[in-house]
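**Q** There's a structure below that I have some questions on.
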Amino acid sequence: MDPTQQQAPRRRSGARWAAAAGGLGAVAVLSTVLLTDPLGAAPPEPVPPAPAASATAAPTPGPTAVAAQEPGDSRPEAAAPVRLRVDDARLDVAVLPLAPSEQELATEMLVPPDTLDGYWLTPYGMPGEGSENTTYITGHSWEGRDAPFNRLSDPGLVGSEIELETENGTLEYRVDSVVTHDKNTLKDSDIWRIVPDRLVVVSCYTEDLWGKNVVLTASPVPSGQT
């Protein structure tokens, strides 16, 4: 077993997500992600998730991009994320790549592995200089036990700093918002707009693990302002 992956306890039936990244909920409430076709095709009708996992719905990356933000000149070049740290939430987890299969794209449903790690949705953006889309990371929240992603269900995290380690270096972000979305409508949220180098982290909302997702949106911190 990869030492960076922490095996989670047995999960139970989860709720469905409506986002690009899934949320989970110890019993683990697994995150399910509703995906959009990364090639831009119209998504098929969503299929109900399997009873043992929650689903996250995510739309396909769209053709219209929002102007890229200008965080500064010294940020590392865009690369795969490998670790996510939010000190104010006592969250420090490995981030592993997660690419949906053709079947998952067809059903608009993605269930991340049942671990305590974070998962980067590879069809979307990579963080760093030259990023072309939002970076989406999802992770499981857990019922009945403490777990890293449980601590993201806190509106007091607005303004907190995030460190996102990538293959090319470490990037700094600041949390702009912490909001909840109904799992059935997350795929229609504006979190799926193309915003280069924006960071979106999705999990299950601990006050309603089966019905809602919590979504943290963060912007890059300009060099010299960390």
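**Q** Where does each of 210-216, 120-126, 178-184 land if you order them by average Cβ count within 10 Å, highest first?
**A** 210-216, 120-126, 178-184
**Q** Which FRET efficiency value, to the nearest 0.05, is calculated for R193 and D146 with the Förster distance at 35 angstrom and r the Cβ-Cβ distance?
**A** 0.60
**Q** Applying the Karplus parametrisation 6.51 cos²θ - 1.76 cosθ + 1.60 with θ = phi - 60° to the phi angles of the range 162-178, what ³J(HN,Hα) value in whole Hz is obtained for each residue in order, glycine and proline being reported as x?
**A** Per-residue couplings from phi come out as 10, 9, 10, 7, 10, 5, 10, x, 10, 10, 10, 10, 10, 5, 8, 7, 10 Hz.
**Q** If you take the charge dipole of the range 132-226 about its Cα centre, with +1 on Lys and Arg Cβ and -1 on Asp and Glu Cβ, which of G144, A218, L171 is farthest toward its positive end?
**A** G144
**Q** I would also like to ask the following. Taking θ = phi - 60°, what integer Hz values does the Karplus form 6.51 cos²θ - 1.76 cosθ + 1.60 yield along the range 92-99, in sequence order, with x for Gly and Pro?
**A** Each residue of the range 92-99 in turn: 8, 9, 5, 10, 10, x, 9, 10 Hz.
**Q** May I pose another question? Quick one: if you stick a label point 7 Å off each Cα along the C-beta vector at A99 and D154, how many nm between them?
**A** So the two model labels end up 3.6 nm from each other.
**Q** Report the calculated FRET efficiency for E161 and D208 (r = Cβ-Cβ distance, R0 = 22 Å), to the nearest 0.05.
**A** Working from the Cβ atoms, E equals 0.20.
**Q** Output ³J(HN,Hα) for the range 117-122: one whole-Hz value per residue in order, computed from phi by the Karplus curve 6.51 cos²θ - 1.76 cosθ + 1.60 with θ = phi - 60°, and x for Gly and Pro.
**A** Karplus-based 3J(HN,Hα) across the range 117-122 equals 7, x, 10, 8, 7, 5 Hz.
Bear in mind that the values in this text are calculations on the coordinates, not laboratory data. From a predicted model like this one, the values you see are computed outputs, not experimental measurements. Cβ sites come from the backbone with ideal geometry, for glycine too, and all protein chains shown count toward neighbours.
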